Amino acid sequence: MKEQVNILFSPDLKEASMIVCWKEDPGKLGSLVSRVLIDHLKARIFGEVNPEHFFTLGGVIVEDNVAQFPISRFYAGESRDIVVFESNQPQIERYHFLSCLLDTGEYYCQIKEIYALGGIITPIAHTSPRRLMVVYNQPELRNKLRQFELAEVNWEGPPAVNSYLSWLAQRRNMPAISIWAEVAFYLASSSDWTAVKSVLSFLDHRFGLGLDFSGIDRQLKLHNEQLARLREQNPEVDRYIRTLEVGLSLTEEEQLSLTSSVSDFLG
Amino acid sequence: MSIRIYQEPYLRNPDLICGWPGIGRIGILAVDYLRRAIAATEFAEIESWEFFEPRKVVIQEGLLKRLEFPENKFYYRKFDDRDILIFIGEEQPAGAGNLYGAGEKAYRLANLVLDVAEKFGCHRVYTSGAAVTQIHHLLKPRVWAVPNDSEMIAEIRDYENTVLMSDIEGRKGQGMITGLNGLLLGVARKRGIRALCLMGEIPYYLQASPWLYPAASISVLEVLTRMLQIEIDLVPLHEMAKKVNESIEEFLTNLYESNRIPPQIRAQIRDSIEKMKSIRQSTGPITEEDRRLIMEHIDELFKKGEKGDERTS
């Protein structure tokens, strides 16, 4: 592990909870949630996974005109026993990457549980409430989170990285919970602030964080105003969104057209 | 990374027979058919997660039930004086550049398989795969045999329908066995274990097809069972081969009539494939250009799609 994770200092944590956020999430869910948490917790980087073992590094991806580079960092807050792991999803050697994540959590933070966050692309309107869905890796966790309105996932098929992480944690007898937020499909490549707020509200209640939502509410208002403007300007977009709002579905062609119009408008 | 042995059978002079997926699934079909035919018992496995990506998750009512990986299992069957061990791997580990059965993981897996072979005193290891060649699908495939010890050559020459690399026109005893079938032979040689790869011939125009190619698996099993001195019923496999041949015939008929390919090229493809009914080896009237033409158009018709994970609803 030493070769794969660069530890800057050992945080003073006891039985911490680790919140795992992936940068590739639809609606920028992972990136936005992790930013809010890191700022609120005044968290500092205490460790970083070395990318050469887990990313192909055959050049860089350019996003919003800026060259990106895979980053996988552990943050620890000053006042709470919470670790935030913010990362790109590994491209190779996922088993070793996720094992490093768990090893670091166990040895340096004595983590007692993991919350892995993710977005599920869903055919809903951006004005609809977002359901949060849950996957537990131990049946006892269901009681622990009974107070929250979480829909239980049923799925058989290819696993997402959060399921792989939960399974590895299960093998170590470590509780892990995947929280999946619905993301409106046409906001998957931009920001879905409603989904971000749903996840942050859950974390706020779960950990008693006392988050200040005013900044997020401002972003959400701005975002909704932009989309309302687009609906006024483009009757087709308005018709598609109204169709979704009354619970009807769009054809594949209509979905593509709506996604393209929204992406072009939001930039 | 470990080998899990659930029970330790006492085995006498066992041979190990290994099967992995590959072209036409010739090797794995032969080995898996043998496993069923002799009712071999599962007794060990190599844990998969360090070698392979999980391929399926099962989540029921919010609870993660299991994650499924390609399996790597060992089986045994006792006989009167010579027992059999079987290893079946559902996938070959991918190495750098996504080459299957190559790289560090494949090397480690090959060594783990041989660790079990040594533990149970195996005196010979067999692998099985495909020999891609210019053969028509209605001709009986031969078996190309490659040992890792020159002392086995004389024995191989005694078996019917079996050829050595050196006996194949134009090859001068040279060749290449890709993937774990070849790697295992090499690693076994390094460890001083005798090993032999049996490859069933498959027409090159079917190498990218989605079908099994049981005709070649039958040829492999005919040779392998003689070497192992056992008898198994191959009738169900012959029936499967007959059905696959019918599908190939139907596919080729459609190809010859496809509007997506210009008539002149269709006629050329048909001629090239039909010529192979009467020839066997690479230096015949099939040119490299014919070969390229056939592959280009057949590959296009064999293309498949992909599937997402639980993030796509």
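Structure summary
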read-out	value
Estimated FRET transfer efficiency (A:D212, B:R108; beta-carbon r; R0 45 Å; 0.05)	0.30
Net charge contributed by nearby residues that have their C-beta within less than 14 Å of B:D83 (K/R +1, D/E -1)	+3
Under-5 Å amide H pairs with B:R66, H placed in peptide plane, nonlocal only	B:V58
Euclidean distance of C-alpha centroids, region A:58-90 and region B:1-67, integer Å	38
Chain A: relative contact order as a whole-number percent, Cα under 8 Å and 6+ apart	22
Centre separation in Å (Cα based) which lies between region A:202-267 and region A:8-57	27
Between region B:219-236 and region A:134-165, the Cα center-to-center distance that results, in Å	49
Degrees separating the helix A:94-109 axis from the principal Cα axis of chain A, which is the longest one	60
Karplus 3J(HN,Hα) series, Hz, for region B:17-29 with 6.51 cos²θ - 1.76 cosθ + 1.60 (x for Gly, Pro)	10, 10, x, 10, x, x, 4, x, 6, 5, x, 5, 5
Estimated [θ] at 222 nm from DSSP helical runs (n ≥ 4, -39500 (n - 2.57)) normalised by residues in chain A, nearest 500	-12500 deg cm²/dmol
Using θ = phi - 60° and Karplus 6.51 cos²θ - 1.76 cosθ + 1.60, couplings along region A:115-122 (whole Hz; Gly, Pro as x)	10, 9, 9, x, x, 10, 5, 10
Chain A: radius of gyration and largest Cα-Cα distance (Dmax), Å	19.1, 57
Given charges at Cβ of Lys, Arg, Asp, Glu: region B:3-235 dipole, positive-most of B:G175, B:Y213, B:N72	B:G175
Charge dipole (debye, nearest 20) of the protein assembly as shown; +1 at Cβ of Lys and Arg, -1 at Cβ of Asp and Glu	640
For A:A16, distant residues with modelled amide H under 5 Å away	A:I111, A:K112
Derived scalar couplings ³J(HN,Hα) [region A:238-254; Karplus, 6.51 cos²θ - 1.76 cosθ + 1.60; whole Hz; x for Gly, Pro]	4, 5, 4, 5, 5, 4, 5, 5, 8, x, 8, 10, 9, 6, 4, 5, 5
Shape category assigned to region A:216-266 from the gyration tensor of Cα positions, a/c cut at 1.5	prolate
Environment charge of B:L196, counting only residues whose C-beta is closer than 14 Å and scoring Lys/Arg +1, Asp/Glu -1	0
Summed residue charge, Cβ within 14 Å of A:E253's Cβ, Lys/Arg positive, Asp/Glu negative	-2
Mean Cβ count within 10 Å, highest first, over the residues of peptides A:63-72, B:40-49	B:40-49, A:63-72
Whether region B:1-151 is rounded, prolate or oblate, judged on the alpha carbon gyration tensor where a/c under 1.5 counts as rounded	oblate
Acute angle (nearest 10 degrees) that the helix A:214-233 long axis makes with the longest principal axis of chain A, alpha-carbon atoms	30
Angle between chain A longest axis and helix A:193-207 axis [Cα atoms, degrees, rounded to 10]	40
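Values in this text are rule-based calculations from the coordinates and carry no lab data. Bear in mind the structure is a predicted one, so any value in this text is a computation, not a measurement. Here Cβ is always computed from backbone atoms with ideal geometry, including for glycine, and neighbour counts include all displayed protein chains.
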